[in-house]
Amino acid sequence: MRHRVAHRKLGRVTAHRLALLRNMATALFERERIRTTLMKAKELRPYAERLITLAKRDEGQLHARRLVARDIQDPLVVRKLFDTLGTRFSTRPGGYTRILRLGPRRGDGAEMAILELIGSEYAPEKKGEKGAKKATEPKKAEGKKAEGKKAEPKAEGEKKPAAKAGARKSKKKEAAAE
């Protein structure tokens with residue numbers, strides 16, 4: 001029986017497991033969402049939430065920074081954690097992360113998941129943004145058509161480009177000559 005045995009070993013020795021959790025926590029705070037296996041995500045969640053709780057402290061912030069800096073080696077990520085993420089979650093009593101299951105990985109069948117911070121949800125492009133991109137695309141296409149037109153031979157000795165495979169090569173040569 002597993003009485004009072006708290007965490008998953010993840011098939012690693014203790015030092016490797018701690019390094020894995022530290023690196024994954026750094027990536028999570030830097031990118032705000034990561035894709036990993038479900039077991040790693042479940043193990044990382046309390047680890048990351050403990051660090052966010054430290055970042056929320058009002059008094060004793062220097063001590064909290066030093067405690068977080070034990071685990072997060074990148075000073076830019078520590079700054080982001082305390083400045084932006086700590087203030088974002090200052091009113092929230094807990095539950096700063098969300099696990100979204102993705103299904104089995106193709107290679108080995110491991111269950112995959114996305115671990116993301118609350119408030120960093122995926123926002124697809126709006127219809128207005130897509131229309132703006134489409135409006136610029138025809139202009140590019142018109143420019144390509146104008147460049148792609150067959151040029152008239154300038155001199156009498158110059159040959160016309162061939163219709164099939166030679167057409168591509170001659171267009172490139174003409175464009176380079178101009």
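The values are calculated or read from the model by the stated rules, or taken from the named source; none is laboratory data. Bear in mind that the values here come from a model prediction, so they are computed numbers and not experimental data. Neighbour counts run over all protein chains shown; Cβ positions are idealised from the backbone, glycine included.
For the reader, a short list of remarks on this structure follows.
- Scanning the range 95-111 for residues that are farther than 19 Å from THR26 by Cα and touching a residue at least 24 places away in the same chain (Cβ under 8 Å) returns ARG101, LEU102, ARG105, ALA110, GLU111.
- On the stretch given as the range 106-133, residues that are at pLDDT below 90, hydrophobic (A, V, I, L, M, F, W, C) and either assigned by TED's automatic domain parsing to the domain that holds PRO93 or not in a helix (DSSP H, G or I) (or both) total 1.
- Filter result (farther than 14 Å from ASP74 by Cβ, surrounded by fewer than 16 Cβ atoms within 10 Å (Cβ to Cβ) and not aliphatic (A, V, I, L, M)) within the range 12-41: ARG12, THR14, HIS16, ARG35
- Considering ARG12, ARG70, ARG2, the condition of being part of a helix (DSSP H, G or I), over 22 Å from TYR122 (Cα atoms) and among the charged types (D, E, K, R) is satisfied by ARG70 alone.
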